[in-house]
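This report refers to the structure that appears directly beneath it.
The values are calculated or read from the model by the stated rules, or taken from the named source; none is laboratory data. Every value quoted in this text rests on a predicted model; they were computed, and no experiment measured them. Here the Cβ is made from the backbone with ideal geometry for all residues, glycine too, and neighbour counts use every protein chain on show. The accessibility values were calculated without ligands, DNA or RNA, using every heavy atom of the protein model including side chains. Shrake-Rupley method; radii C 1.70, N 1.55, O 1.52, S 1.80 Å.
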2 protein chains.
Amino acid sequence: MRPRNTTDGIPEASIARLPVYLRALQSLADQGVTTVSSHQLAIAAGVNPAKLRKDLSHLGSYGTRGVGYEVDYLIYQISRELGLTQDWAVAIVGVGNLGRALANYGGFASRGFQIACLFDADPRQIGTRVGHHVVHDIADLERIVVEKRVAIGVIATPAAAAQQVCDRLVAAGIRSILNFAPTVLSVPPTVEVRKVDLSTELQILAFHAQRRALSELEALDVIDYPDIERLDPRAVSRADEPPDRPRRVAGVSR
Amino acid sequence: MRPRNTTDGIPEASIARLPVYLRALQSLADQGVTTVSSHQLAIAAGVNPAKLRKDLSHLGSYGTRGVGYEVDYLIYQISRELGLTQDWAVAIVGVGNLGRALANYGGFASRGFQIACLFDADPRQIGTRVGHHVVHDIADLERIVVEKRVAIGVIATPAAAAQQVCDRLVAAGIRSILNFAPTVLSVPPTVEVRKVDLSTELQILAFHAQRRALSELEALDVIDYPDIERLDPRAVSRADEPPDRPRRVAGVSR
DNA sequence: CCGATTTTGTGCACGCATTCACAAAGTCGT
DNA sequence: ACGACTTTGTGAATGCGTGCACAAAATCGG
Ligand SMILES: NC(=O)c1ccc[n+]([C@@H]2O[C@H](COP(=O)([O-])OP(=O)(O)OC[C@H]3O[C@@H](n4cnc5c(N)ncnc54)[C@H](O)[C@@H]3O)[C@@H](O)[C@H]2O)c1
Ligand SMILES: NC(=O)c1ccc[n+]([C@@H]2O[C@H](COP(=O)([O-])OP(=O)(O)OC[C@H]3O[C@@H](n4cnc5c(N)ncnc54)[C@H](O)[C@@H]3O)[C@@H](O)[C@H]2O)c1
């Protein structure tokens, strides 16, 4: 073994939190704070202090016992670990509602992500300006992606086109993809896909909201009905009948 | 104990996957498929079949051994569990780039989420139309949220305004919040916040992209340099010097 | 009616992540 | 120079999630 401190393999869960720490640190730096304890930073980042320290310990031993962490130095170390000391060229495919919002967003450039080019398949979009870019024809994707050294592809097309677009991004050599379309993409194992699914987020919120509503109902009025299934707790939109349950319906299906 | 099948407490990890299964099932239903095995559905959803079965088993015993799951029936059961048999009214605060994209998106209504109202603080936005809604003054938030029975709030304002907007949503009785601003929101424990952070996603992609680049470099040329720290593997934007590391620098800090 | 076949539902083992709790390390005041 | 105090870094315990592997259940053909 050699004294290579940052051995390797930082746990995924830690990596996902590093950007949060980074943002909290930058906010502290803006306020003129030069030194921060794990406790303070943990509060700012919304995590447990022990978890924060363990996460940071994966990068190396950058704190000072009795004092805390030097804000600027830690910002640099996290940025370096995340690969933010260089710029990354990003291509956005699909300049509809969402693609436009992303293209116009200023918050990426400041974090080292340069929108390098935009693509669409719609002839009415091609050639128009969005932000300070001209929308390219998807037909030119491979050429331009290579020319501009694009490393990250963002898919903001309808779901039906997503796999096809993904295949072309991969063919052009891109191995990091952020997918906004609600589809499961299949890619070779060398390619990493991350999915952002807004409907899913809302559905998870709905699940918990329903749970809350239900448990509150039970808490106050209900006398614990017998076994009759109470399909819909909120007794409003009960209109749509449940689909024919499987025909076999054995007598004792528990 | 009573024969209440869906006892309670479905693991969070399972809940987060239910929307994915739901979408895969709907796609199958559209193709006319009436019955599906855990294996097929698992492929469509991009997960392990055993995991899928265990997830579904938390909802009840809705499969038929030797056959599989009835597509329509399973769609109904998952929808019910997620609370999608009723409609949910959603308010969007901040109609900038992102808020507009969300307001114009058609994919929410079809999943039971109705955009009920839009808010902004900018006088130039207030009163304008976005989608088929008029943008309301944020000053009227509490009143309108109660009137329209809004259950879910979406924050699409700049980070600086997010906590303040959040507080008002909570004051108006909303207990489910989807936050797009890059801030940690603090809320009472009765309120659930989910965060969608696009910059974080890109940063995670960048981390892995850097790892790949680095390990490929090492794989072919490098003769394993001695201990000199190699800060930047890509030797390009090496311009910016690392910040002054903590002054104390002990001799043997390992 | 029975036996071969398919596929579910789940017990179990394993590994990763979280959190506690504490010794080691460093600071700061006197 | 020293002792009280602060805060890091990490061992150890616990809990959660994943996936294998298999018995139980149901179908179907003969
Ligand atoms: N807008 C939102 O708020 C939102 C929310 C959740 C999910 N999504 C998802 O994000 C994706 C984009 O949403 P949107 O609202 O921007 O859709 P949109 O219809 O407004 O835009 C899609 C764009 O993709 C282009 N396109 C279609 N096929 C293409 C192809 N093969 N190659 C290149 N471009 C192509 C279209 O011309 C269009 O400009 C969709 O999959 C949608 O489900 C969007
Ligand atoms: N646009 C993107 O693609 C993108 C990507 C990642 C993150 N985000 C985040 O999403 C948020 C919105 O981004 P955007 O690009 O739409 O910003 P934007 O500046 O285009 O829009 C913000 C809107 O919020 C309104 N607003 C400001 N203060 C308000 C208040 N107190 N109450 C109500 N409305 C208020 C503004 O008037 C403006 O219309 C930001 O926090 C941004 O960091 C956006």
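Data for the structure
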{"read-out": "Ascending list, in nanometres, of distances separating the A:P123 label from those of the other copies (7 Å, Cα toward Cβ)", "value": "4.6"}
{"read-out": "Overall dimensions of the stretch B:44-138 by Cα: Rg and Dmax, Å", "value": "19.4, 63"}
{"read-out": "Three-way shape call for the stretch B:88-196 based on the alpha-carbon gyration tensor, with the a/c threshold at 1.5", "value": "rounded"}
{"read-out": "Shielding of B:72-84 by partner chains, average beta-carbon count, 10 Å", "value": "5"}
{"read-out": "Inter-copy separations for A:A213, label at 7 Å along Cα-Cβ, nm, ascending", "value": "4.9"}
{"read-out": "C-alpha center-to-center spacing [the stretch A:14-30, the stretch A:114-145] in angstrom", "value": "32 Å"}
{"read-out": "Accessible area of A:D72 in the full protein assembly, 1.4 Å probe (Å², nearest 10)", "value": "80 Å²"}
{"read-out": "Label-point separation, A:V187 to B:A16 (7 Å along Cα→Cβ), nm", "value": "1.8 nm"}
{"read-out": "Note, ³J(HN,Hα) from phi for the stretch A:146-157, Karplus 6.51, -1.76, 1.60, rounded to Hz, x at Gly and Pro", "value": "5, 3, 8, 6, 5, 10, 10, x, 10, 9, 10, 9"}
{"read-out": "Efficiency of FRET between A:T64 and A:A29 - r from beta-carbon atoms, R0 22 angstrom, step 0.05", "value": "0.80"}
{"read-out": "Solvent-accessible area of A:E70 with every protein chain in place, 1.4 Å probe, in Å² to the nearest 10", "value": "30 Å²"}
{"read-out": "Per principal axis, descending, Cα span of the stretch B:6-82 in whole Å", "value": "33, 23, 22"}
{"read-out": "Chain A, closest residue to the rotation axis toward B, by beta-carbon, whole angstrom", "value": "A:A101, 2"}
{"read-out": "A:Q164 versus A:L217: modelled label distance in nm, points set 7 Å from Cα along the beta carbon direction", "value": "4.5 nm"}
{"read-out": "Nm distances between copies for B:A16, ranked from closest, using label points 7 Å along Cα→Cβ", "value": "0.4"}
{"read-out": "Inter-probe distance in nm under a simple model that places probes 7 Å from Cα toward Cβ, at A:T128 and B:E142", "value": "4.2 nm"}
